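First comes the structure, then the notes that go with it.
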Amino acid sequence: MTLRPRAPARIPREIAFLARQGIPLGALLGAGRRAWELGVTADLVLISSGWIDEITYYRLLARRLGARFVERPMVLPEAIPWREAMRTGVLPLPDGCWLMAPRGRAVRLLFKRITPQLPRDRIFLATPAVFAASLRASFGPAIMDSVSEQLVRTDPNMSAHSGAHAGQQIFACVALSMAILGASFGGTVWSLACAGFGLCMFMAVMLRLQAALSTCAGPPFQAPALADFALPTYTVLIALYREAAVAPRLAAAMAAIDYPAVKLEIIFLLEADDHGTQAALRAQNLPAHASILVVPDGTPRTKPRALNYGLLAARGSLLVIYDAEDQPEPDQLRKGAAAFAGGAADVACLQASLAIDNLRDTWLTRLFAIDYAGLFDVFNPGLALLDVPVPLGGTSNHFRTDVLRRIGGWDAWNVTEDADLGLRLARFGYRTRMLPSTTWEEAPLILRNWFPQRRRWMKGWMHP
């Protein structure tokens, strides 16, 4: 790995004003050196390391700039570009005023841009959390309509909201008619129906065989590791519902991730009526780079709708989703960043392998483990090497965030969001590759829990 040259022996401008606010000079110099090593700005390092909390930093920054500090969410006027503001942290207000929540390099620019044309008393400075809360409070209905209906409006044929396509309806009618005629009259019609069904099964077997043979060609390519300063910002989205019991285990799994905290953003997405999980997570003493985002009530209440809500807030150039029971290998994000950096630009998704960690519990968990091993260690890697659409797992999908937004995010109306997204990426000309890393999760112990899950998967696969 390549190391950066020695950091300059001076305090960066974005934190230098804190020297008069009781922060030790050693801490400020150390934050500057660490920021240089990581390729970020020193304010992010200082906040993530715990030397100063976010609210105090922005209050002191506002005092230093002579701007007005906003402590609570504001009610914003209508007809404001909220979508762009969510990503930039800058929002124009009437009368030439600006609401800002600058991060990183934007803080340095703010020092330079306060001029007579942008006077200090026209700037309202807020923390990123208060800025986002102002947008959600003022444009809540529009935001929720976007996360639920964006794909329906832009391309209704790619959304499960439209129901079965005409081709699917025709195929179902023809198959049903042949089955009825064959059962009624037998003979030629029945033979044709059996031959058609047999041909479909033969093609499915041949595809699996070809994928398995492709997997045997050799181990997957593993890109060289990136130095910390070359790592991009990574967002982790975790959609939860009634998962209070696993909150301690989940918090521990996220704390074990080996990635610079200043470049890591973990967002827990919780439903508004799930007070138990909210309380359980808040009791875990989450780090500064982890936050809880409550998804407002609305329809449909699905995991992809919650993920779309998180996608609007995501700051990372790369993004991964995990489930409540997941325990990814600690270096999975580093491997993901390296694979994207060393891969082609049209590789928009990486799927990590999923494995079962409770396979010895029951006969069902053993069968589940075999199913996962065949899918994620043999079949999917072969499909990726054949450059055909890959059926993503419901977790440990790593994406280029800009591509995910470009194709419309997740389909809020599809109950199997991974099935839809894997095929939609291929439709837009993007490729999926396997990531040589494993995420461990628990399999259902009994048929009563297994059957609804499998039924939902099959239902979701009928649409793409």
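Note on the stretch 303-315: residues that are crowded, with 20+ Cβ neighbours inside 10 Å and part of a loop (DSSP other than H, G, I, E, B) total 1. Comparison of 427, 456, 448 shows that the only residue that is surrounded by fewer than 20 Cβ atoms within 10 Å (Cβ to Cβ) and within 18 Å of residue 305 (Cα to Cα) is 456.
Restricting the stretch 217-276 to residues that are within 21 Å of the chain's Cα centre (by Cα) and among the aromatic types (Phe, Trp, Tyr) leaves a set whose member that is modelled with the lowest pLDDT is 241. Within the stretch 451-464, no residue that is in the same structural domain as residue 414 (by TED's automatic domain parsing) sits with its Cβ atom under 6 Å from a residue that is of a type in the set (Lys, Arg) and modelled with pLDDT under 80 at 6+ positions apart or across chains. Considered as a group, the residues in the stretch 60-98 that are crowded, with 17+ Cβ neighbours inside 10 Å and either of a type in the set (Phe, Trp, Tyr) or free of Cβ contacts under 8 Å to residues at least 12 places away in the same chain (or both) include one that is nearest to residue 139 (Cα to Cα), and that residue is 82. Within the stretch 356-374, how many residues are surrounded by fewer than 16 Cβ atoms within 10 Å (Cβ to Cβ) and closer than 23 Å to residue 214 by Cβ? Of the residues in the stretch 356-374, 3 are surrounded by fewer than 16 Cβ atoms within 10 Å (Cβ to Cβ) and closer than 23 Å to residue 214 by Cβ.
Here is a check on your reading of the model: is residue 42 over 33 Å from the mean Cα position of the chain (by Cα) and closer than 30 Å to residue 226 by Cβ? Spelling it out, it is not the case that residue 42 is over 33 Å from the mean Cα position of the chain (by Cα) and closer than 30 Å to residue 226 by Cβ.
So, of the residues in the stretch 1-29 that are in a helix (DSSP H, G or I) and farther than 21 Å from residue 58 by Cβ, which turns out to be modelled with the highest pLDDT?
Kept after step one, since they are in a helix (DSSP H, G or I), are these residues of the stretch 1-29: 13-21, 25-29.
Next, from what is left, pick out any that are farther than 21 Å from residue 58 by Cβ: 25-26, 29.
Values: 25: 87, 26: 86, 29: 90.
Of everything passing the filter in the stretch 1-29, 29 is modelled with the highest pLDDT.
Does residue 242 satisfy the criteria of being surrounded by fewer than 19 Cβ atoms within 10 Å (Cβ to Cβ), in contact (Cβ under 8 Å) with a residue 12 or more places away in the chain and touching a Ser or Thr at 6+ places or on another chain (Cβ under 9 Å)? It is true that residue 242 is surrounded by fewer than 19 Cβ atoms within 10 Å (Cβ to Cβ), in contact (Cβ under 8 Å) with a residue 12 or more places away in the chain and touching a Ser or Thr at 6+ places or on another chain (Cβ under 9 Å). The residues of the stretch 291-312 that are hydrophobic (A, V, I, L, M, F, W, C) and out of contact with any strand residue (DSSP E or B) (no Cβ under 8 Å at 6 or more places or on another chain) amount to a single one, 312.
The values are calculated or read from the model by the stated rules, or taken from the named source; none is laboratory data. Being a predicted model, the structure only gives us computed values, none of them experimental. Cβ atoms come from the backbone with ideal geometry, glycine included; neighbour counts cover every protein chain shown.
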